[in-house]
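Note sheet for the following structure.
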Amino acid sequence: MLTRRLLLAAALLAPLGLPALAQEISDDGLHKQPWFYDSFLEMGADLEDAAAESKGLIVIFEQRGCPYCRELHEVNFAIPEISEYQAEHFYTVQLNLWGDRMVTDFDGEELSEKALAQKWLVNFTPTIVFFSPDSAGAPSEDVAESFRMPGYFKPFHYGSALEYLTSGAYRDTGFQRFTRARFLRFEEEGKDPSLWD
């Protein structure tokens with residue numbers, strides 16, 4: 001029934017030039033995006049590769065059957081302004097909260113995805129962790145996340161988080177203050193921020 005609804009939605013959206021809602025789901029049960037970074041799961045190298053292109057690194061923890069992960073893909077990433085912005089400004093690496101693939105952390109420790117999630121104190125999905133390109137090449141003890149989204153953020157707040165990182169505002173402004181200023185800017189420009197959509 002859900003598949004039929006997704007196909008119907010895709011058929012209705014296609015003539016309007018809007019992206020289809022159906023997303024590719026891999027064997028591990030996670031939704032995929034074509035612009036996700038094809039990583040060797042070496043966090044330090046991934047951050048250096050991203051920084052070489054003046055991009056930040058995003059690590060997304062997801063799990064099979066997570067309704068909010070599905071929402072992230074079918075709602076947020078279906079909005080071109082969000083997906084294109086993220087692809088332009090970040091390398092995005094997707095990890096499975098319960099996965100067994102081996103990952104090399106910034107400190108050189110090799111551990112499974114699920115062990116890395118525990119080490120990074122990730123308890124639920126989606127959890128999205130941002131790393132600034134400024135940290136690339138730094139000693140492992142100096143590599144720290146710049147920002148974390150613990151759970152699903154609706155499109156306006158998700159887009160605000162991306163801009164919060166790329167603008168560098170995370171260095172000296174709280175996220176709530178930044179988001180409020182962005183909301184007021186949208187209103188002044190006559191744009192509808194659609195906070196809850």
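Summary table
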{"quantity": "Under the span-like rule (Cα at least 15 Å along the axis, Kyte-Doolittle mean at least 1.0), DSSP H helices of the chain", "calculated": "2-13"}
{"quantity": "Selection of GluC sites (Glu not before Pro), the range 40-73, meeting DSSP coil and at most 16 other Cβ within 10 Å", "calculated": "Glu53"}
{"quantity": "Quotient of Cα Rg and 2.2 N^0.38 Å for the chain, N being how many residues it contains", "calculated": "1.05"}
{"quantity": "The range 22-114: Rg to Rh, with Rh as the Kirkwood radius over Cα pairs", "calculated": "0.97"}
{"quantity": "Of His89, Thr173, Gly151, farthest towards positive along the dipole that unit charges on Lys, Arg, Asp, Glu beta carbons give the chain", "calculated": "Gly151"}
{"quantity": "In the range 106-197, the GluC sites (Glu not before Pro) that fall in loop regions by DSSP, at most 11 other Cβ within 10 Å", "calculated": "Glu189"}
{"quantity": "Relative contact order of the range 26-153, defined on C-alpha pairs under 8 angstrom at six or more residues apart (%)", "calculated": "32 percent"}
{"quantity": "Sorted by Cβ density within 10 Å, fewest first, the residues Asp27, Asp100", "calculated": "Asp27, Asp100"}
{"quantity": "Loop trypsin sites (Lys or Arg not before Pro), the range 77-122 (other Cβ atoms within 10 Å of the site Cβ: 16 or fewer; DSSP)", "calculated": "Arg101"}
{"quantity": "Residues whose placed amide H lies under 5 Å from that of Ser112, excluding near-sequence neighbours", "calculated": "Val103"}
{"quantity": "Inter-centroid distance (Cα atoms) of the range 22-56 relative to the range 58-129, Å", "calculated": "9 Å"}
{"quantity": "Prolate/oblate/rounded label for the range 157-197 (Cα gyration tensor, a/c 1.5)", "calculated": "prolate"}
{"quantity": "DSSP beta bridges in the range 26-153 [antiparallel fraction, %, rounded to 5]", "calculated": "60 percent"}
{"quantity": "Alpha-carbon Debye profile of the range 104-146, log10 I(q)/I(0) at 0.16, 0.20, 0.22 Å⁻¹", "calculated": "-0.46, -0.71, -0.84"}
{"quantity": "Cα gyration tensor, the range 103-197 - rounded (a/c under 1.5), prolate or oblate", "calculated": "oblate"}
{"quantity": "Packing-based exposure ordering (other Cβ within 10 Å, fewest first) of Leu116, Leu41", "calculated": "Leu41, Leu116"}
{"quantity": "Under 21 Å between alpha carbons - lysine pairs in the chain that sit 8 or more apart or on different chains", "calculated": "4"}
{"quantity": "Per-residue Cβ neighbour rank within 10 angstrom, fewest leading, Lys55, Lys154, Lys191", "calculated": "Lys191, Lys154, Lys55"}
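Computed from the coordinates by the stated procedures, all read-outs in this text should not be read as laboratory data. These figures come from a predicted structure and were not determined experimentally. A quick note on method: Cβ atoms are made from the backbone with ideal geometry, for glycine too, and the neighbour counts reach across all protein chains shown.
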